[in-house]
Amino acid sequence: MIAEAQGIRVRHRGHEPQVHPTAYVAPTAALVGDVRVGPRARVMYGAVLDAEGSRVEVGEAAVICENAVLRGSAVAVDQPVLVDDHVFVGPHATLLGCAVGRCVYVATAATVLQGARLGAGSVVAVGALVHARTVVPDEYFVPPNTVALDAPVRLLAPGDPGLAEAVRRVGFAQVAFGVDAEWTDRISRYEHIAEVRVAEFGAHADDEVVDLG
């Protein structure tokens, strides 16, 4: 099937989305900035692919389902979203500044955070979280509603008493936002994080919707 590329395409920071002519992008999907959608890929209704100051790449025959969010960033370091061939990203899934190997299955409402890497053929099941900088091996299964951390990877349940300490050691605010604040000082940390996002997202004031006509 050859489908005319559709969707809302936005020029951001001087970059326009690029869509292969055999790909399909639904009319209500949004592609923002340096986004590259490969051959026969499918980007469905309500999905948002936002490169920010980095890039988003979607490989051949990859499927991005309804209302998924793929967002790159460069506020800490360059953190593109790289989705390899034949990847399935389920509805309401979130991929932030991570690398996804070929034939990976990311299920509904799963989340993969900055700096994480998913090996080929791995599965992130429904509602699971792969935390920042976690390395998931090839063909590894992250069970539903669990948290995967570290390299080598380990799994924790949401109610695990060691979860808060494990997340603290990840240093998420530093990895994702370049914010170095004490774990116990939540007010200061989240204030700084909000300021980082205010500055980053402020660049959208100069965005232009690309005229496909």
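Worth pointing out:
- Complete set of residues in segment 78-134 that are of a type in the set (A, V, I, L, M), touching a helix residue (DSSP H, G or I) at 6+ places or on another chain (Cβ under 9 Å), under 19 Å from V48 (Cβ atoms) and part of a loop (DSSP other than H, G, I, E, B): L113
- Candidates in segment 135-192 are the residues that are touching a residue at least 60 places away in the same chain (Cβ under 8 Å) and assigned to a helix (DSSP H, G or I); of these, the one that is farthest from S73 (Cα to Cα) is Q174.
- Check on A120, in contact with an Asp or Glu (Cβ under 9 Å, 6 or more places away or on another chain), more than 21 Å from V196 (Cα to Cα) and touching a residue at least 12 places away in the same chain (Cβ under 8 Å): yes
- Residue match in segment 84-95 (condition: touching a residue at least 60 places away in the same chain (Cβ under 8 Å), under 27 Å from A199 (Cα atoms) and open to solvent by less than 30 Å² (accessible area, probe 1.4 Å)): no
- Segment 199-213 - residue that is open to solvent by 90 Å² or more (accessible area, probe 1.4 Å) and more than 13 Å from V32 (Cα to Cα) and, of those, farthest from the chain's Cα centre (by Cα): G213
- Scan of segment 96-112 for residues that are buried (at least 24 other Cβ atoms within 10 Å of the Cβ) and either among the small types (G, A, S) or in contact with a Pro (Cβ under 7 Å, 6 or more places away or on another chain) (or both), ordered by number: G97, A110
- Test result for G115, at positive phi, open to solvent by 20 Å² or more (accessible area, probe 1.4 Å) and not polar (S, T, N, Q): yes
- Count of segment 1-28 residues, restricted to those that are open to solvent by less than 40 Å² (accessible area, probe 1.4 Å), within 27 Å of V75 (Cα to Cα) and out of contact with any Leu (no Cβ under 9 Å at 6 or more places or on another chain), is 1.
- Residues being open to solvent by 30 Å² or more (accessible area, probe 1.4 Å), hydrophobic (A, V, I, L, M, F, W, C) and at pLDDT 95 or above - total across segment 141-156: 2
- Any chance E165 is at pLDDT 90 or above, of a type in the set (D, E, K, R) and open to solvent by less than 40 Å² (accessible area, probe 1.4 Å): no
The values are calculated or read from the model by the stated rules, or taken from the named source; none is laboratory data. Just so it is clear, the structure is predicted and the values come from calculations on it, not from any experiment. No Cβ is skipped: glycine too gets one built from the backbone with ideal geometry, and neighbour counts run over all protein chains shown. Note: areas computed on protein heavy atoms with side chains; ligands, DNA, RNA excluded. Shrake-Rupley method; radii C 1.70, N 1.55, O 1.52, S 1.80 Å.
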